[in-house]
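Undergrad: Below you will find the structure I want to go over with you.
The values are calculated or read from the model by the stated rules, or taken from the named source; none is laboratory data. All values reported here derive from a predicted model rather than from experimental measurement. A quick note on method: Cβ atoms are made from the backbone with ideal geometry, for glycine too, and the neighbour counts reach across all protein chains shown. Ligands, DNA and RNA are excluded from the accessible area calculation, which covers all protein heavy atoms including side chains. Shrake-Rupley method; radii C 1.70, N 1.55, O 1.52, S 1.80 Å.
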Amino acid sequence: MKALTVDVRESTGRILCCTIFRPGGKKLLAKGHILSDEDVRLLETEGMAEVWVTALDEGEIGEDEAVMQVATAIGCGSLEIRPAAGGRANLVATRDCCVLIDDELLKQINCTASIVIATLANFSFAQAGQRVATIKSTPFAVAAPELEAVISILRERGPILQARPLQDPQAAVLYSDPVAGDRARQLFENVMRQRLERFGTSSNFVLSALEEESAVVRALQHLVRAKPSVILVASTTAPAGPEDVIGRAMLRIGCHLERFLAPVEPGSLLLMGYKDEIPIVSAPGCFRSAKTNVVDLILPALLARYRISGWEIACLGHGGLLT
């Protein structure tokens, strides 16, 4: 790739090296723009005789084409690609979704010399129309072998990003208290409503129960039969782990306890299990306040019916200090 100054009338098909502004600061043509016959006439009208352009060498791919090739390979799900000026392409959510990121693959691609990708954080909630990723290339051109290497990695190991739609998300809530379940509901229902509304849903199924093992078992069994996306247990107590009432009740209904303890604050006493494919989440203290906590980190994925593993909970430690 080489840059040179040429007569405006000879610049058709060339790539503009710098942004051109009208007097007064209004942008006329952006850097990286491929000049057309119409652009040439416009430049002549503006009194420009010469422009600074670049010419691609053999074996180079223009920046716009390069980022579009990468954009088509990095994602799947409810996404659309929107080209942007300056060797960029944006991925935009077409539906409310949870964004899932392969962090290790993203790091590998971002270590290349020619292409970088910025995304939302893993498990992020994205609304329809929201940008979830941007791909940017080196200015003007990418060496064809480097682009081919990136595309090859993506085809072999991709995608980097999944936009998993929240299809009819349904949350079930169990309020529990050692004295009276309704007490927990009175304390937490307003905060629970605020939390679920952030993700475009509400509590579709609600029960209150005395925090006693048999009562909690009966309530969980009833909620499981409704087949919600997730069951949230909002308890006024702070259990010490799976040996306490909530954990024992989860085991009695046949839950697989996926994870106890999360490297997140607030929310370190998270207990998460699965009854078949339905996640049940107990997060002591997390329903007293609408401030961001571990429930907000994992809820988008659970509402999208993605099965979060204990390993993925363990990976939340980087950035897990929320306050």
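Undergrad: Residues that are within 18 Å of residue 67 (Cβ to Cβ): list the strands (runs of 3 or more DSSP E) wholly contained in segment 122-164 that include at least 3 such residues.
TA: Details: elements: 124-126, 131-137, 141-143.
Where strands (runs of 3 or more DSSP E) fall fully within segment 122-164 and carry at least 3 residues being within 18 Å of residue 67 (Cβ to Cβ), they are 131-137, 141-143.
Undergrad: Filter segment 211-241 for residues that are crowded, with 19+ Cβ neighbours inside 10 Å and outside any helix (DSSP H, G or I) and give the result.
TA: Residues satisfying the conditions are 211, 228, 229, 230, 231, 232, 233, 234, 235, 236, 239.
Undergrad: I've got another one for you. Out of all the residues in segment 45-69, which are modelled with pLDDT of 80 or more and touching a Gly at 6+ places or on another chain (Cβ under 8 Å)?
TA: Hits for segment 45-69 are 63, 64, 66, 67.
Undergrad: Any chance segment 56-74 includes a residue that's crowded, with 16+ Cβ neighbours inside 10 Å and at positive phi?
TA: no
Undergrad: Would you mention how many residues in segment 242-269 are under 26 Å from the mean Cα position of the chain (by Cα), farther than 21 Å from residue 181 by Cβ and part of a loop (DSSP other than H, G, I, E, B)?
TA: Result for segment 242-269: 7.
Undergrad: So which residues in segment 268-303 are touching a residue at least 60 places away in the same chain (Cβ under 8 Å) and of a type in the set (A, V, I, L, M)?
TA: Step one: of segment 268-303, the residues touching a residue at least 60 places away in the same chain (Cβ under 8 Å) are 280, 287-290, 295-303.
Within segment 268-303, 280, 290, 295, 297, 298, 299, 301, 302, 303 qualify.
Undergrad: Going through segment 180-198 one residue at a time, which ones are open to solvent by 20 Å² or more (accessible area, probe 1.4 Å) and either under 27 Å from the mean Cα position of the chain (by Cα) or in contact (Cβ under 8 Å) with a residue 12 or more places away in the chain (or both)? Even if it seems obvious, please write down each step before you answer.
TA: Initial filter on segment 180-198 (open to solvent by 20 Å² or more (accessible area, probe 1.4 Å)): 180, 182-183, 185-187, 189-190, 193-194, 197-198.
Hits for segment 180-198 are 180, 182, 183, 185, 187, 189, 190, 193, 194, 197, 198.
Undergrad: Return the residues of segment 298-320 that are at negative phi, out of contact with any Pro (no Cβ under 9 Å at 6 or more places or on another chain) and open to solvent by 50 Å² or more (accessible area, probe 1.4 Å); say none if nothing qualifies.
TA: 311, the sole residue that qualifies.
Undergrad: Scan segment 54-98 for residues that are without any contact (Cβ under 8 Å) to a residue 12 or more places away in the chain and either among the polar types (S, T, N, Q) or closer than 17 Å to residue 154 by Cα (or both) and report the count.
TA: Counting residues in segment 54-98 that are without any contact (Cβ under 8 Å) to a residue 12 or more places away in the chain and either among the polar types (S, T, N, Q) or closer than 17 Å to residue 154 by Cα (or both) gives 2.
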